[in-house]
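Let me begin by presenting the structure, written as structure tokens, before commenting on it.
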Amino acid sequence: MPNFIPVEKQTVLITGAAGYICSWIVKKFLEEGFSVRATVRDLEDLDKIQHLNDLKSTNEADLELFKADLLDDGSFDEPAKGCDILVHTASPFIVQNIKDSQKQLVLPAIEGTKNVLSAASKSDSLTRVVLTSSVAAITGDNCETGSGENGIFNESDWNTSSSEDYNPYQYSKTMAEKTAWKMAENSHWDLIVLNPGFVLGPSLSTRIDGASVDMMRSLLNGKYRLGVPDIYLAFVDVRDVAQAHFLAALDQNITGRNILVSHVGNTPMVAEVLRSEYGRTYPIPKNIIPKWLVKMTGFIFGLKRDYLERNVGHSFKIDNRKSLEEVGMTYRPVRDTILDHAEQLISMKLI
Ligand code: NAP
């Protein structure tokens, strides 16, 4: 049974509000009657924030937008003042064609976490921080095995194989989460970490720059018409991830790290689900590209041979029981996640 803090109306500060996942988190808290303060990088960039403005006007929602940048020291201090809860989601999610991993990923993730959590520490009213980490902070490559029975990954595992030069996104998430745990040691707020797998599901905006949206579009728009590499991912629905953030913010029974995964499957599985509904209309891949060919051509997508060697064709197991038993999650079937995402992209004319 959830053990919610009995408070009339609470104020939550949410970072990275214009992003794919965070837009759903903002919507969820508004629907639950929270006063929401949401940070974005640019208040003038309507392409990025129009859907938040719409959310605000159509529902007369209690939503206030603030400008804040992860690398702008102190920029989260003002919005954090008087808040009860902080949800820190903002962090760059770039996995391909990375030119400067330190500048694009590691610095904003780590320094940003310090900046945001310092604001939490300056806000006396704040009792809980929910951090959006990732399965990337649990494991770096699919060929690895976890510490659980039969090599299953669980919340006690940490990614030890990623670095600034190899899988820098995974490294940025690992180091940002470690930074958060360190800062939580001497704080007046408690820290709950959520570790989602690869997130799919409909987007609330027309943005197409995020990695999740890009993957789904690429499967529908012919980028992979000749075939897809056999890469396993731990999937989870964006709406379920938002629900988990809401539960984690309030339920006193939820603790520590929490893996959020509904299903482990490979890219050909996603293509197969899409073909079953849209195979006649869109050039959805039918073939799996052999590993040797993926390794030869991976540079086109900015993917290293080492990464492809250690990930293509390797499945892995990950334990989502803590999220079911302690967080209280019930996950949508991955088929619904995939088809709802495709439907949103098609209906918004983004394919
Ligand atoms: P996204 O749409 O690209 O969102 C990333 C957000 O971070 C954006 O709102 C972006 O701001 C913000 N951001 C980046 N650099 C910033 C900076 N210097 N200052 C302020 N804000 C900055 O990606 P997403 O998929 O929703 O990811 C959101 C979070 O979930 C990230 O922490 C990511 O690591 C985590 N996550 C994602 C997945 C997934 O599969 N999508 C899985 C596990 C964890 P702008 O809106 O201005 O661009």
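Using a probe of 1.4 angstrom and keeping all protein chains present, the accessible surface of the stretch 11-347 works out to 43 square angstrom per residue.
Counting every C-alpha pair in the stretch 79-136, the share spaced more than 15 angstrom apart comes to 53%.
Computed over the stretch 11-347, relative contact order equals 19 percent, with contacts defined as Cα pairs under 8 Å that lie 6+ residues apart. Using the reciprocal of the averaged 1/r over all distinct C-alpha pairs, how large is the Kirkwood radius of the chain in Å? So the Kirkwood estimate lands at 20.6 Å. When the listed pairs Lys9/Lys122; Lys103/Lys173; Lys9/Lys182 are checked against a 25 Å cut-off, the alpha-carbon distance exceeds it for Lys9/Lys182.
When both the stretch 33-71 and the stretch 190-216 are represented by their alpha-carbon centers, they are found 18 Å apart.
The ratio of the alpha-carbon radius of gyration of the stretch 218-337 to the globular-protein estimate 2.2 N^0.38 Å is 1.27. Straight Cα distances below 19 angstrom link Lys67 to the aspartates and glutamates Asp42, Glu44, Asp45, Asp47, Asp54, Asp77, Glu78, Glu111, with same-chain residues fewer than 8 positions distant left out. Over the residues of the chain, the helix contribution to mean residue ellipticity at 222 nm works out to -11000 deg cm²/dmol, using -39500 (n - 2.57) for each DSSP H run of at least 4. From most to least packed by mean Cβ count within 10 Å, the peptides 36-43, 201-208 give 36-43, 201-208.
Taking the Cα centroid of the stretch 117-167 and of the stretch 277-324, what is the distance between the two, rounded to the nearest whole Å? Using only Cα atoms, the two centres lie 22 Å from each other. Shown for the stretch 11-347: the carbon plus sulfur share of the solvent-accessible area, taken with all protein chains present and a 1.4 angstrom probe, equals 49%. Ordering Cys22, Tyr171, His188 by the projection of their Cα atoms onto the charge dipole of the chain, which places +1 on the Cβ of Lys and Arg and -1 on the Cβ of Asp and Glu, puts Tyr171 at the extreme positive end.
Which of rounded, prolate, oblate describes the stretch 92-171, given a ≥ b ≥ c as roots of the alpha-carbon gyration tensor eigenvalues and a/c under 1.5 marking rounded, otherwise prolate only if a/b is larger than b/c? Because a/c hits 1.5 or more and a/b fails to exceed b/c, the stretch 92-171 counts as oblate. For the residue pairs Lys178/Lys291; Lys28/Lys99; Lys48/Lys81; Lys99/Lys286; Lys28/Lys349; Lys317/Lys349, alpha carbon separations beyond 29 Å are given by Lys178/Lys291; Lys28/Lys99; Lys99/Lys286; Lys317/Lys349.
The values are calculated or read from the model by the stated rules, or taken from the named source; none is laboratory data. Keep in mind it's a predicted model, so treat the numbers as computed, not measured. Glycine gets a Cβ as well: all are built from the backbone with ideal geometry, and neighbour counts include every protein chain shown. The accessibility values were calculated without ligands, DNA or RNA, using every heavy atom of the protein model including side chains. Shrake-Rupley method; radii C 1.70, N 1.55, O 1.52, S 1.80 Å.
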